[in-house]
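I have placed the structure first, in the form of structure tokens, so that the comments after it can refer back to it.
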Amino acid sequence: MRPLRMFLLILPAGLMLLTGPLFAADPLFASDQLFDLKKAADGVYLAVARPQTKINSNAAVIVLEDGVLIVDTHSKPSAARALMEQIKTVTSKPVRYVVDTHFHWDHYQGNAAYPQSYPEGLEIISSAQTRRNIVNIGLPRIRNEIVRLPKAIETMRQEMARATGDRRRELAEEIRGTQQYLDELKSTEAVVPNLTFENSLSIYRKDRTVQILFMGRAHTDGDVIVYLPREKIVATGDLLQGKMPYMGDSHPFEWIRTLAALEKLDFETVLPGHGDLLKGKQRLRLWKEYLTDLMRQVSELYSQGATLEETLRSVDLSSYESRIPGFRGSVAGNIEKAYRVISFED
Ligand SMILES: [Zn+2]
């Protein structure tokens, strides 16, 4: 395993999309609410993770006749519990289904909270590949974090001893948040999906049909989307979200094809894994265009014999900077990933 790959495994998904301290306190959000619940249709919501909870994914909340289906469980059980409390404001029904869209830590590590709160008849659903990824990559990563985080906290403590003013307060908050997260990882037994499928799984109720679909490899090799055909709503995890695509575990050429397949679905609203609710297919088309452009430019440069360094200097994706939030922080990583895929190093 190459060093960069290790780095990507240690810092995947949400973290790579965002800048700034992980656990910064924001005085604008003094309440305990971690999410903003946005209604997409009757009984369908997007729980948008608030900015100060940077390591949490969003969740989609879908109310069925006999219970609630939740898409994604954030980075830790306490965040999932906070969401469970919050959805009591819109439904009194129990949670029956949880869907993990993919294996990244900020989308599944809260799984354990759901069987703790609903021990009877709860199903945690994912693609068969995502379950394998959680077992083979996700769980070892948690064990690594339990070793790594105390050292990270110690380094922050040393820096705090020398820091003053805002930086000192920032570090104190970061240490507190990291310690809390570490305590949760240590005290929770990770829960993996108990119901898997290869291509699709549908839940039929009188008033609502839910289709959970694997449409091809993309952001990871196991992403699923959750589609409500009648409501024309799709929850997409990180296969399509509001910021830059994170490509560390992706299959970029297939991702473009998977986006094209998703584009053919009849939907009007996207509930993404990060960022706000999206209307229409503009974001999907923008990502498809960006990924196609990226892979085309890098392929051309590689075929002319360009090194990675030359490719990083020559690729021009600046037209996306104003259109995709988080562009600057992610573009170099994306070019590097593209180069490694094209040169068969990945
Ligand atoms: Zn992800």
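The values are calculated or read from the model by the stated rules, or taken from the named source; none is laboratory data. Everything quoted here is computed from the prediction, not taken from an experiment. No Cβ is skipped: glycine too gets one built from the backbone with ideal geometry, and neighbour counts run over all protein chains shown. These area figures cover heavy atoms from the full protein model, side chains too; ligands, DNA and RNA do not enter into them. Shrake-Rupley method; radii C 1.70, N 1.55, O 1.52, S 1.80 Å.
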**Report entry** GNM top mover of P115, P140, P272 - the chain, alpha-carbon springs below 10 Å
**Finding:** P140
Requested in this report: Could you pull out the pairs from K93/K279; K151/K186; K76/K288; K76/K337 whose alpha carbons sit more than 24 Å apart here?
Outcome: K93/K279; K76/K288; K76/K337
Query raised in the report: Among all the aspartates and glutamates, which ones have a C-alpha under 19 Å from K38's C-alpha, if same-chain residues fewer than 8 places away are not counted?
Result: D72, E85, E231, D238, E268, D276
Query raised in the report: Given a 1.4 Å probe and the protein chains all in place, what does the accessible area of R230 round to, in Å² to the nearest 10?
Result: 140 Å²
Report task. Sort 147-160, 33-46 for me by packing, meaning the mean count of neighbouring Cβ atoms within 10 Å per residue, highest on top. Result -> 33-46, 147-160
Report task. Determine the relative contact order of the chain: mean sequence separation of Cα pairs under 8 Å and six or more apart, normalised by residue count, in whole percent. Result -> 15 percent
Report summary line: Taking Lys and Arg as +1 and Asp and Glu as -1, residues besides F214 with C-beta under 14 Å from its C-beta add up to -1
Query raised in the report: How do M215, M295 rank by accessible surface area computed with a 1.4 Å probe, from largest to smallest?
Result: M215, M295
Requested in this report: Would you tell me the accessible area of T188, worked out with a 1.4 angstrom probe on the heavy atoms of the protein chains, in Å² to the nearest 10?
Outcome: 40 Å²
Query raised in the report: With every protein chain left in place, what is the accessible area of K281 in Å² (1.4 Å probe, nearest 10)?
Result: 40 Å²
Report task. Report the antiparallel proportion of the DSSP beta bridges in the chain as a percent, rounded to a multiple of 5. Result -> 65 percent
Query raised in the report: By DSSP, what percent of the beta bridges with both residues in the range 215-346 are antiparallel, rounded to the nearest 5?
Result: 55 percent
**Report entry** Local electrostatic count at L185 - Lys and Arg +1, Asp and Glu -1, tallied over other residues with Cβ under 12 Å
**Finding:** +1
Report task. Please list K76, K288 in order of solvent-accessible area, largest first, computed with a 1.4 Å probe with all protein chains present. Result -> K288, K76
Query raised in the report: Rounded to the nearest 500 deg cm²/dmol, what is the calculated helix-only ellipticity per residue at 222 nm for the chain, with -39500 (n - 2.57) per DSSP H run of length n ≥ 4?
Result: -12500 deg cm²/dmol
Query raised in the report: Just for the range 38-114, what percent of DSSP beta bridges are antiparallel, to the closest 5?
Result: 75 percent
**Report entry** Protein accessible area in the chain, 1.4 Å probe - carbon and sulfur %
**Finding:** 52 percent
Query - Formal net charge of residues neighbouring R132 (Cβ-Cβ distance under 15 Å; K, R +1; D, E -1) - result: -2
Report summary line: Taking a probe of 1.4 Å and leaving out DNA, RNA and ligands, the range 292-342 shows per residue an accessible area in Å² of 51 Å²
